[in-house]
1. When you scan the stretch 206-217, do you find a residue that is crowded, with 18+ Cβ neighbours inside 10 Å, at positive phi and not in a loop (DSSP other than H, G, I, E, B), even just one?
2. Tell me which residues, restricted to the stretch 245-299, are of a type in the set (Ser, Thr, Tyr), open to solvent by less than 60 Å² (accessible area, probe 1.4 Å) and assigned to a loop (DSSP other than H, G, I, E, B).
3. In this structure, is residue 341 touching a strand residue (DSSP E or B) at 6+ places or on another chain (Cβ under 7 Å), more than 23 Å from residue 131 (Cα to Cα) and either loosely packed, with under 15 Cβ neighbours inside 10 Å or modelled with pLDDT of 95 or more (or both)?
4. Could you say whether any residue in the stretch 158-168 is open to solvent by 20 Å² or more (accessible area, probe 1.4 Å) and over 29 Å from residue 324 (Cβ atoms)?
5. Based on what the data block shows, is residue 196 charged (D, E, K, R), open to solvent by 10 Å² or more (accessible area, probe 1.4 Å), free of Cβ contacts under 8 Å to residues at least 60 places away in the same chain and in contact with an Asp or Glu (Cβ under 6 Å, 6 or more places away or on another chain)?
6. Search the stretch 58-91 for residues being under 17 Å from residue 32 (Cα atoms) and polar (S, T, N, Q), and hand back the single one that is least open to solvent (accessible area, probe 1.4 Å).
7. So which residues in the stretch 130-157 are within 24 Å of residue 61 (Cα to Cα) and either of a type in the set (Gly, Ala, Ser) or open to solvent by 60 Å² or more (accessible area, probe 1.4 Å) (or both), if there are any at all?
Amino acid sequence: MALLAGMVLSCTGCDKNNGKDNPGTGSVTLSSEDFNFTFEEQKRSYNIEASADWGIAIEGNPEWVSVTPSGGTKGSSSFSIQILKNKLSDERTAEIVLRCGTARKNFTIKQGVDPAGAEIQVPDGYKLVWNEEFDVAGTPSTDRWWYETGAGGWGNNEIQNYVKGRTPGGKDIAEIKNGILTISCVSEGSSVYSVRMNTNDSWQYGWFEAKLKVTDTYGAWPAFWMMPKNFKTWPGDGEIDIMEYAIGTQGKNKVSSSIHCNAFNWPAGTQKTHVQSISNAATEWHVFALEWTASEMIFYVDGTKHLTFKNEGGYDKWPFDAPFYLKLNLAWGGNMGGSKLDPLPAQYQIDYVRVFQKK
């Protein structure tokens, strides 16, 4: 089909074979044809000459690439593409949509892999579907996480008041620095403040993994766990505790994994749980994982299996055929934190959280 005069978006340095041009009025010239990036974190700027107001966006909003600004006016200007480090073993791509006037063209960003080997080791038979590496300094993104707030004991006689990452006095207690998220439990005035944060996304089945460093502070109770997206009743709808650590009740260097449902729960003393001894829980990093399928759950510490829970059928024994979301929190005192309380602050550190599902 022949294009009408003046309805072509021409781009010097663009992918001429992309095949996704849309006719319209407008033209731009880009300073570079290079949209290929190495595995490393990097930022690259592009000059643009536009015949009309222009806009640029990344399809699907992938978290590893961003572009700023999102547009400009007629004439000379520029935009930058920011790429996070590719820790995977596979090349990744993203589509940029560039608009000028009413014309549009797509380009493909490609990022290579680390020739020395990927940092993220994918479990056999799975693929990475979601990950949080805490690479961006500051506070966790609310596009990915939501906070539970309030006090009241949370059903376990806990002492802390959960806040949205900052105390009333202005102290950040969910803070990312040097690729590490630190959740702090602090006292301020007569109150104790901490954080309970949850993923916006949820998943049914998969491999769920986090690299964590807990605390040997008496009274502290850090956890990495899961709750159902469509929660209505506890314990009926289920709870999955991948990692809990509290030296006040479990002892030093002893972590536990548990599940709760109608047939198996801690108030009845019937919960399915196992306490695993590890070395240097609070001074070294350890990896805690759950493999959850339709037939069973298997819990791991540093790659070693320590608890298996089988699907025996029926809602009371297995309400786990539904989406669950991930949770990170640092409780204080209560049924598991214990009555012995060290001086605050206490800190819980998270290097990454990753979710894999069957290919």
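The values are calculated or read from the model by the stated rules, or taken from the named source; none is laboratory data. What you see is a predicted model, and the numbers here were worked out from it, not measured in a lab. Don't worry about glycine lacking a Cβ; one is built from the backbone with ideal geometry, like all the others, and counts go over all protein chains shown. Side chains included, ligands, DNA and RNA excluded: accessible areas come from the protein's heavy atoms. Shrake-Rupley method; radii C 1.70, N 1.55, O 1.52, S 1.80 Å.
1. Yes, the conditions are met somewhere in the stretch 206-217.
2. Matches in the stretch 245-299: 270, 293.
3. Here the answer is no, as residue 341 does not meet what is asked.
4. Yes; the residues of the stretch 158-168 include at least one that is open to solvent by 20 Å² or more (accessible area, probe 1.4 Å) and over 29 Å from residue 324 (Cβ atoms).
5. When the stated conditions are applied, residue 196 does not pass them.
6. By that ranking, first place goes to 80.
7. 135, 136, 137, 138, 139, 141, 142, 143, 146
Table: residues versus (1) closer than 25 Å to residue 54 by Cα; (2) touching a Gly at 6+ places or on another chain (Cβ under 8 Å).
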{"site": "94", "(1), (2)": "yes, yes"}
{"site": "99", "(1), (2)": "yes, yes"}
{"site": "102", "(1), (2)": "yes, yes"}
{"site": "107", "(1), (2)": "yes, no"}
{"site": "113", "(1), (2)": "no, no"}
{"site": "118", "(1), (2)": "no, no"}
{"site": "121", "(1), (2)": "no, no"}
{"site": "125", "(1), (2)": "no, no"}
